[in-house]
1. Starting from residues that are more than 13 Å from V515 (Cα to Cα) and hydrophobic (A, V, I, L, M, F, W, C), keep the ones in region 546-559 and report whichever is most open to solvent (accessible area, probe 1.4 Å).
2. Which residues, taken from region 392-420, are open to solvent by less than 30 Å² (accessible area, probe 1.4 Å), out of contact with any Pro (no Cβ under 9 Å at 6 or more places or on another chain) and hydrophobic (A, V, I, L, M, F, W, C)?
3. For A385, only one of the following conditions fails: (1) crowded, with 21+ Cβ neighbours inside 10 Å; (2) at pLDDT below 90. What is its number?
4. Of the conditions (1) of a type in the set (A, V, I, L, M); (2) at pLDDT below 85; (3) surrounded by 11 or more Cβ atoms within 10 Å (Cβ to Cβ), L241 satisfies every one except a single condition; which number is it?
5. Being modelled with pLDDT of 80 or more, hydrophobic (A, V, I, L, M, F, W, C) and open to solvent by 60 Å² or more (accessible area, probe 1.4 Å) is the filter here, so list the residues in region 198-226 that pass it.
6. Report yes if some residue within region 129-146 is closer than 20 Å to S240 by Cβ, of a type in the set (G, A, S) and either in contact (Cβ under 8 Å) with a residue 40 or more places away in the chain or assigned to a helix (DSSP H, G or I) (or both); otherwise report no.
7. Give me the residue from region 151-197 that is in a loop (DSSP other than H, G, I, E, B) and over 28 Å from the mean Cα position of the chain (by Cα) and, out of that set, surrounded by the fewest Cβ atoms within 10 Å (Cβ to Cβ).
8. Give the residues of region 248-300 that are open to solvent by less than 50 Å² (accessible area, probe 1.4 Å), in contact with a Phe, Trp or Tyr (Cβ under 8 Å, 6 or more places away or on another chain) and modelled with pLDDT under 85, sorted by residue number.
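The values are calculated or read from the model by the stated rules, or taken from the named source; none is laboratory data. The shown structure was predicted, so the numbers you read here are calculated from the model rather than taken from an experiment. Note: ideal-geometry Cβ built from the backbone for every residue, glycine included; neighbour counts use all protein chains shown. When the accessible area is computed, the model is the full protein with side chains, heavy atoms only, and any ligands, DNA or RNA have been set aside. Shrake-Rupley method; radii C 1.70, N 1.55, O 1.52, S 1.80 Å.
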Amino acid sequence: MNAIVALCHFCELHGPRTLFCTEALHSPLPQGATCGDSPGQGEQAEEEEGGIQMSSRIRSHSPAEGASAESSSPRLKKADMCEGCRSLDVCHPGYISHDKETSIKYVSHQHPNHPQLFSIVRQACVRSLSCEVCPGREGPIFFGDEQHGFVFSHTFFIKDSLARGFQRWYSIIIIMMDRIYLINSWPFLLSKIRGIIDELQGKALKVFEAEQFGCPQRPLRINTAFTPYLHQRNGNAARSLTSLTNDDNLWACLHTSFAWLLKACGCRLTEKLLEGAPTEDTLVQMEMQADLEEECAAWECHEEEEGRPRPQPEVLEGRELSKCHTESSILSDCSWSLRRTAIFRSLRHMRQVLGASAFRMLAWHILMGNQVIWKGHDRELIQSAFDVLQAMLPVGCIRVIPYSEKYEDAYRCNFLGLSPFAEIPLHVQSSEFAVMIDVRTAPRSNLYPVLFVDDEPLSKYEFVVASGSPVATDRVGLTILNKIEAALNNENLSMDVVDQCLVCLKEEWMNKVKVLFKFTKVDSRPKEDTQKLLGILGASEEDNVKLLKFWMTGLSKTYKSHLMSSVRSPTSSECRN
């Protein structure tokens, strides 16, 4: 990550000062820093920690030592620095950590060596401690511009028994040119920097309490009137941060923390390349993720107030977290996806198990939006079947209840897993809008020919597929089903290729759904024009029309709102007229 982390201090004698900063170098070390490839060249300490090799090496010069004649950047002379606004000694080499994984070097010293970076850090330090202050003076704030970079600043106080008000003012700033990246990293940076600050304040508080116990400063100052203030202004009562915290290894620890912060913040956000516009499945999954996060946040807010338990991860308002399984989506690796044993390995495998005729009946009901009921005692088997069968539908059309002890109505779910003891109403058993798969224990004489292996989980069962509409298997009007079966029948196509065929088929028919939605719902065209459109789309058959209407329910809210807003805008109305 191209950023600089710095610790700043407001010195009462010299104003805002940069105490310590760490930067990531993606190229060879700057002029004045030794490469240190061979042992013994200015190397003082070296250790391995988390894949980062840390060492302390000698630089030829530092900005704190005074300016060279050739340098045009502003430098700080020794006379302009006191004990409170100096971190490392003039002869200290600074710190360098080598990240072996990425070949990045993390360099720490009191000031950046590059003149331009020195100026940027200096300006950010001044603004952090003088201009850009949050209410209460202690806390995080964001400021910056395109020219001087964007800054995340967290100001805080450190206890000091010799300071005015018994405390000194510090800040930790992070500077980078990428505003979006910095804002997206705000929660992560806030939590980690807050941890560093708490540790510093905790160490300083112990020193402060020990000093106050030995020699209380408040009554002493009251008795001597303004003498401490004048002494501090005229003398040099400023103390270093190592003295305030009683930690001689403070700067080495800060270097390690800052280097880790730069590395971790750079690794937590990655960019993914999308070729073309996102698919409808991607948009729907993003909306579902946002809804689930809002609901979980709401439960967390009211959990302590009302004492109600949080919802179970498997079922939330009839929507299952397993809907994130789609491999074609960029959200397929979402954290709530449950990894289960793949009992049914693919659609082709399920077709071999159920038989071609039963599988066609099942697939027809799925594509038409009818309720699919699996009944049995093996939950993993039913869930595995749902994971495979959902690949035929857009994500927005899927509503799953993976396992229930009682029947759930079709408006709540189109995939329903039932216990063998659950009763299915008679009107559902005879309905043409439902298909039932009864998973029964099979005698060994009735095993499927393809499942002779004893350890095969499916060898213990037989599957009975029934529906109130058996005529559905004879229909030839569902175009997408015919193409799916043709792909599954072609043994020359691997299942990876078949999966990509399914993705392409779903996108093809979702595009037809979008055209039909705009034509009928947005533009409100008459039925005659709609029939002509269906003929052009190649979906004039009755089954295809029903499929398009069902898949229309799976359109994303983003797409629908985009269409509606474009229709309401004046420019679109003028273009139509």
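1. Here is the first cut: in region 546-559, the residues more than 13 Å from V515 (Cα to Cα) are 546-547, 550, 553-554, 556-558.
From what is left, the residues that are hydrophobic (A, V, I, L, M, F, W, C) are 547, 550.
Values: L547: 0, F550: 28 Å².
Checking each candidate, the answer is F550.
2. The answer is M392, L393, V395, C397, I398, V400, I401, C413, L418.
3. The single condition A385 does not satisfy is (2).
4. Here L241 meets the rest and fails (2).
5. L205, A210
6. Initial filter on region 129-146 (closer than 20 Å to S240 by Cβ): 129.
Now restrict to residues that are of a type in the set (G, A, S): none.
No, there is no match, as no residue in region 129-146 is closer than 20 Å to S240 by Cβ, of a type in the set (G, A, S) and either in contact (Cβ under 8 Å) with a residue 40 or more places away in the chain or assigned to a helix (DSSP H, G or I) (or both).
7. Here is the first cut: in region 151-197, the ones in a loop (DSSP other than H, G, I, E, B) are 160-163, 177-178, 185.
Among the residues that remain, those that are also over 28 Å from the mean Cα position of the chain (by Cα) are: 160-163.
Numbers: D160: 23, S161: 19, L162: 17, A163: 22.
Step by step, filter region 151-197, then rank; the result is L162.
8. Within region 248-300, E280, L283, L292 meet the criteria.
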